[in-house]
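Asker: Take a look at the following structure, please.
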Amino acid sequence: IEALRMAHAARLRNGALVGVGALILLVAAFVWYQRGVTARLRRLSTIDGLTGLLNRRAASRLLDLEGPGPARGARRNVVFLIDIDHFKSRNDRHGHAAGDAVLKAVARELRACSRPGDVVARWGGEEFLVGCRGLDLAGACAVAQRLREAAASAGSGGSGEGDTLSVSIGFASHPFCPQPSTTPDWQDALSVADRALYAAKHG
């Protein structure tokens, strides 16, 4: 009888250990799954699905956190707005798949020619934003030229042999105005950059 009792107790103990082990495995699997879901949701909320660049919301958050930075002589932070020329007519001629290929190619080139700390984002439609720190006027002009050449090097993106690709760029430094503003200073600069982009488009 004592031997049967001991065997029964051993079986109960082993069963409890197996149950605890299974519970630990289930909890670990759930935590791993939940982390994967959270990471995917975070990626979806910050990354543009087509180009793989930051989306507008994530770029705005980074620019908000970045602030104007310390003034170093003539150096300021600069925002660049880049718009693909004649994108709608390109889509009309070659279809949206070709347009998507152009967007992905331009995004890839812009990211490749930007510095590691730069903010590179798809701002909306065929428009991109690049934010750079610590540039003077000559440096900003050089960056704009580099971005223009990089975008042009994306080629036709499969939309046709004879098609050339060009972009228009507007940029402005922040802080742009010395007066205090109720909006973040990069938004003031972005408004000026948008006007400069409009002028470039019609130039």
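Asker: How far is it, in nm, from the label point at Arg146 to the one at Ser191 when both lie 7 Å from their Cα along the line to the Cβ?
Answerer: Here the modelled spin labels are 3.0 nm apart.
Asker: Calculate, in nm to one decimal, what Arg115 and Arg13 gain on full extension: separation in residues at 0.36 nm each, minus their alpha carbon distance.
Answerer: Values: separation 102, 0.36 × 102 = 36.72 nm, distance 6.07 nm.
Here the segment from Arg115 to Arg13 would lengthen by 30.7 nm.
Asker: On a 1.4 Å probe surface of the protein chains, which of Cys141, Cys132 comes out largest in accessible area, and what is the full order?
Answerer: Details: Cys141 65, Cys132 0 Å².
Ranked from most to least accessible, the order is Cys141, Cys132.
Asker: A further question on this structure: 7 Å from Cα along Cα→Cβ at both Glu66 and Leu4: what's the point-to-point distance in nm?
Answerer: So the two model labels end up 7.9 nm from each other.
Asker: How many percent of the accessible area of region 116-158 is carbon or sulfur, using a 1.4 Å probe?
Answerer: Numbers: 930 of 1710 Å².
Taking all protein chains in place, region 116-158 shows 54 percent carbon and sulfur surface.
Asker: State, in angstrom, two size descriptors of region 68-155 derived from its alpha carbons: Rg to one decimal place and Dmax to the nearest whole number.
Answerer: 14.4, 48
The values are calculated or read from the model by the stated rules, or taken from the named source; none is laboratory data. Since the structure is predicted, the reported quantities are computational estimates derived from the model, not experimental observations. Reconstructed Cβ throughout: ideal geometry from the backbone, glycine too, with neighbour counts over all protein chains shown. Calculation scope for accessible area: heavy atoms of the full protein, side chains included, ligands and nucleic acids excluded. Shrake-Rupley method; radii C 1.70, N 1.55, O 1.52, S 1.80 Å.
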